[in-house]
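The values are calculated or read from the model by the stated rules, or taken from the named source; none is laboratory data. Predicted, not measured: the structure shown is a model, and the values here were computed from it. Neighbour counts are summed over all protein chains in view; Cβ atoms, including those assigned to glycine, are modelled from backbone coordinates with ideal geometry. Heavy atoms of the whole protein, side chains included, go into the accessibility calculation; ligands, DNA and RNA do not. Shrake-Rupley method; radii C 1.70, N 1.55, O 1.52, S 1.80 Å.
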Amino acid sequence: MSEPTPRQVLYALVAGGFIVVVAILVIGGAVAGLVPVWWSAALAVSIVVVATWTALNWRRPAAVILASIGLFSLWMVGTLVLAP
């Protein structure tokens, strides 16, 4: 196995940051009652799946960034649609 490049490490950290931000937003939306419980539960499962996948594939910079930004986009669109 070769040494990771700085780009791989940076992108993995940025993707991890996006995942943490989405987790905080999901918790905040659930506590504030902005979205239904099922939406918060579905996103919690999605966060675990994306975080696990990212941890296993962190050496693929484009894929991990795309997955984390996709998770953020999913949260944003879903919350806008489901919020009263």
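Across segment 25-74, the number of residues qualifying as touching a residue at least 24 places away in the same chain (Cβ under 8 Å), in a helix (DSSP H, G or I), of a type outside the set (Gly, Ala, Ser) and under 26 Å from Arg7 (Cβ atoms) comes to 10. Among the residues of segment 75-84, write down those that are open to solvent by less than 70 Å² (accessible area, probe 1.4 Å) and either free of Cβ contacts under 8 Å to residues at least 24 places away in the same chain or of a type in the set (Val, Ile, Thr) (or both). Once the filter is applied, which keeps residues that are open to solvent by less than 70 Å² (accessible area, probe 1.4 Å) and either free of Cβ contacts under 8 Å to residues at least 24 places away in the same chain or of a type in the set (Val, Ile, Thr) (or both), segment 75-84 yields only Thr79.
Residues are listed down the side, and each one gets a yes or a no for (1) out of contact with any Phe, Trp or Tyr (no Cβ under 6 Å at 6 or more places or on another chain); (2) surrounded by fewer than 15 Cβ atoms within 10 Å (Cβ to Cβ); (3) hydrophobic (A, V, I, L, M, F, W, C):
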{"site": "Gly17", "(1), (2), (3)": "yes, yes, no"}
{"site": "Ile27", "(1), (2), (3)": "yes, yes, yes"}
{"site": "Gly33", "(1), (2), (3)": "yes, yes, no"}
{"site": "Val48", "(1), (2), (3)": "yes, yes, yes"}
{"site": "Ala67", "(1), (2), (3)": "yes, no, yes"}
{"site": "Gly70", "(1), (2), (3)": "yes, yes, no"}
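Of all residue pairs spaced 6 or more apart or on separate chains, those with beta-carbon atoms under 8 Å, a first member in segment 10-24 that is closer than 17 Å to Trp39 by Cβ and a second member that is β-branched (Val, Ile, Thr) are Val22/Ile47; Ala23/Ile47.
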